[in-house]
Amino acid sequence: MSKKVALVTGGANGIGKSTAMQLASEGVHVVITDINNEAGAALVSEIENTGGSAEYHHMNVADQEEVSKVAASIKHTHQRIDYAVNNAGIGGVMAPSHEIKKADWDRVIDVNMSGVLYCMQEELKMMMEHGGSIVNIASIAGQVGFPYCIPYSATKHAVIGMTKTIAMEYARNNIRCNVVCPSFTETDIITDLPDKILEFSKNYRVPMRRHGKPSEIAEAIVWLLSDKASYMNGHVMNVDGGYSAG
Ligand SMILES: NC(=O)c1ccc[n+]([C@@H]2O[C@H](COP(=O)([O-])OP(=O)(O)OC[C@H]3O[C@@H](n4cnc5c(N)ncnc54)[C@H](O)[C@@H]3O)[C@@H](O)[C@H]2O)c1
């Protein structure tokens, strides 16, 4: 993977951060984007201090204009991207479905669903001439219902649908598109969830009796991006400690 260029959205923390670090350790130049500028800048230093190469851009994935501007800047500097990880996401409010407010619904749709589309559109334009590999991050909640999280579950189902559609449309351009579905993973996104849910999932729901680590999700993402997965396209990969097995 050495000398390739990768874009990681929501790359300043959690699963995105782990992915950026693993890519950098493979010799990939990583373009980290996020809305958390402080964490993004700190990660670039961390990667550079360990001999890797990275840069950071503020990019709110829900802002199509900003996504286009950052993409233009990446194109100007690097002329291409080889890999893209559409990882930025939010959990949104937890509430009974009949009580979800339009603003709360729209916010999750904008970031988790439209954001993935806006980013993929720019990534595809940059990859169409020379090929590339895209990995989107959905969730187990994109395959089964997730009570009290209807915006989140709806957007993650959508990410799986978009992934399969892109996989079919752009294979002829030598672009592969796959999706990784984690179950509960130890990052900031789950810190607001009620302890009752976290304890239940850890102690009863996940056969491995623990939550995932961001690095364990990143391993799957990096593998899917790489040529080692050269015949993987449109695949939905659960990295979930067996959550989806039963
Ligand atoms: N942690 C889990 O349990 C879990 C499970 C399944 C799926 N996921 C998915 O994994 C992805 C990464 O989440 P995480 O667990 O690492 O959480 P995280 O909160 O640690 O990281 C998410 C990152 O996205 C960034 N972000 C948020 N809104 C953004 C926006 N509008 N534009 C750009 N960046 C934005 C945040 O600043 C943060 O750096 C998400 O798509 C999430 O839905 C997480």
Sorted by chain and number, the residues with a modelled amide H under 5 Å from that of Thr185, at a separation of 5 or more or across chains, are Gly212
Other-chain or far-sequence residues with amide H under 5 Å of Gly132's (modelled H): Ile175, Arg176
Select from Ser2, Ile47, Thr19 the residue farthest towards the positive end of the dipole of region 1-55; place +1 on Cβ of Lys and Arg, -1 on Cβ of Asp and Glu, and compute about the Cα centre. Ser2
Bins of 10 Å, starting at 0 and running to the largest distance - Cα pair percent for region 5-236: 8, 34, 38, 17, 3, 0
Spelling out what I want: for every residue of region 59-68, take phi, set θ = phi - 60°, compute 6.51 cos²θ - 1.76 cosθ + 1.60 (Karplus), and round to whole Hz; glycine and proline get x. 8, 7, 5, 7, 9, 4, 5, 5, 4, 5
With θ set to phi - 60°, apply the Karplus curve 6.51 cos²θ - 1.76 cosθ + 1.60 along region 188-196 and write out the HN-Hα couplings as whole Hz, x wherever there is a Gly or Pro. 4, 4, 9, 5, 7, 6, x, 3, 4
Quick one: grab the alpha carbon gyration tensor of region 157-225, order the square roots of its eigenvalues as a ≥ b ≥ c, and give me rounded if a/c is under 1.5, else prolate or oblate depending on whether a/b is larger than b/c. prolate
Scalar couplings 3J(HN,Hα) for region 153-158 by Karplus 6.51 cos²θ - 1.76 cosθ + 1.60 (θ = phi - 60°), nearest whole Hz, x for Gly and Pro, are 4, 4, 5, 6, 4, 5
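Please give the charge dipole size of the chain, origin at the Cα centre, charges +1 on K and R Cβ atoms and -1 on D and E Cβ atoms. Round to the nearest 20 debye.
Values: 21 positive and 27 negative charges, 140 e Å.
That gives a dipole near 680 debye.
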Going Cα to Cα from Lys125, which lysines come in below 21 Å? Please leave out same-chain ones fewer than 8 positions away. Lys3, Lys4, Lys69, Lys75, Lys164
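About its Cα centre, what dipole magnitude does region 113-216 give when the only charges are +1 on Lys and Arg Cβ and -1 on Asp and Glu Cβ, stated in debye to the nearest 20? Present the calculation step by step, with values, prior to reporting the outcome.
Details: 11 positive and 10 negative charges, 81 e Å.
Charge dipole, region 113-216, about its Cα centre: 380 debye, nearest 20.
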Test of understanding: in a Gaussian network model of the chain with alpha carbons linked when under 10 Å, which of Ser139, Ser230, Ser183 would top the mean-square fluctuation ranking? Ser230
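No value in this document is a laboratory result; all are computed from the given coordinates. Keep in mind that what you see is a predicted model, and the values were worked out from it rather than measured. In this analysis, Cβ positions are derived from the backbone assuming ideal geometry, glycine residues included, and neighbour counts consider all displayed protein chains.
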